[in-house]
Amino acid sequence: MKGISLISTIEYGVVPGFIGDDLVFEAREYPSTSVLHVPCDGLFVGLLKGRNDMLVVTWPEGAQKMKLVSGNKAGDRLVESVDFDNDGTRIY
């Protein structure tokens with residue numbers, strides 16, 4: 001498998017512990033782009049909008065690439081999919 005797309009309504013994308021601090025991404029902060037390429041550090045957490053739920057994705061070290069794809073709604077802009085190129089490795 002070359003990759004996977006996980007579709008959901010994610011309000012905040014979090015890359016925990018990247019160089020000592022968490023990186024938090026919110027689609028509303030990037031109105032000029034619909035794709036955010038984020039660092040792959042072995043773990044990603046997506047906090048789902050309006051819920052007490054989260055999406056957690058983890059993977060072993062490798063040359064993986066991950067991007068957050070947001071919708072076009074200006075007022076309620078959310079990450080609508082997490083696209084993951086897994087470099088031929090597992091993802092959980």
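Summary table
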{"item": "Accessible area of the chain belonging to carbon and sulfur atoms, whole % at 1.4 Å probe", "result": "52 percent"}
{"item": "Surface per residue (accessible, 1.4 Å probe) for the chain, Å²", "result": "61 Å²"}
{"item": "Loop trypsin sites (Lys or Arg not before Pro), the chain (other Cβ atoms within 10 Å of the site Cβ: 14 or fewer; DSSP)", "result": "K2, K49, R51, K73, R90"}
{"item": "Difference of contour (0.36 nm per residue) and Cα-Cα distance, S32 to K2", "result": "8.0 nm"}
{"item": "Hits among aspartates and glutamates - C-alpha to C-alpha of K67 under 15 Å, sequence gap 8 or more where chains match", "result": "E11, E26, D41, E80, D83, D85, D87"}
{"item": "Spherically averaged projected area of segment 48-92 from its Cα convex hull (nm²)", "result": "3.9 nm²"}
{"item": "The chain, relative contact order [Cα under 8 Å, separation at least 6], %", "result": "37 percent"}
{"item": "Normalised alpha carbon radius of gyration of segment 1-73 [divisor 2.2 N^0.38 Å]", "result": "1.10"}
{"item": "Extension gain, D53 back to R90 (0.36 nm per residue minus Cα-Cα distance, nm)", "result": "11.0 nm"}
{"item": "Per-residue ³J(HN,Hα) for segment 27-39, Karplus 6.51 cos²θ - 1.76 cosθ + 1.60, θ = phi - 60°, Hz, x for Gly and Pro", "result": "4, 4, 7, 10, x, 8, 9, 9, 10, 10, 8, 10, x"}
{"item": "Mean separation of Cα contacts under 8 Å (6+ apart) over length of segment 33-78, as relative contact order %", "result": "44 percent"}
{"item": "Estimated dipole of segment 25-92 in Debye, rounded to 20 [Cβ of Lys and Arg +1, of Asp and Glu -1, Cα centre]", "result": "220 debye"}
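The values are calculated or read from the model by the stated rules, or taken from the named source; none is laboratory data. Note that the structure is predicted; figures quoted are calculated from it, not measured. Note that each Cβ is placed from the backbone with ideal geometry, even for glycine, and that neighbours are counted across all protein chains shown. SASA here: full protein model, heavy atoms, side chains in, ligands and nucleic acids out. Shrake-Rupley method; radii C 1.70, N 1.55, O 1.52, S 1.80 Å.
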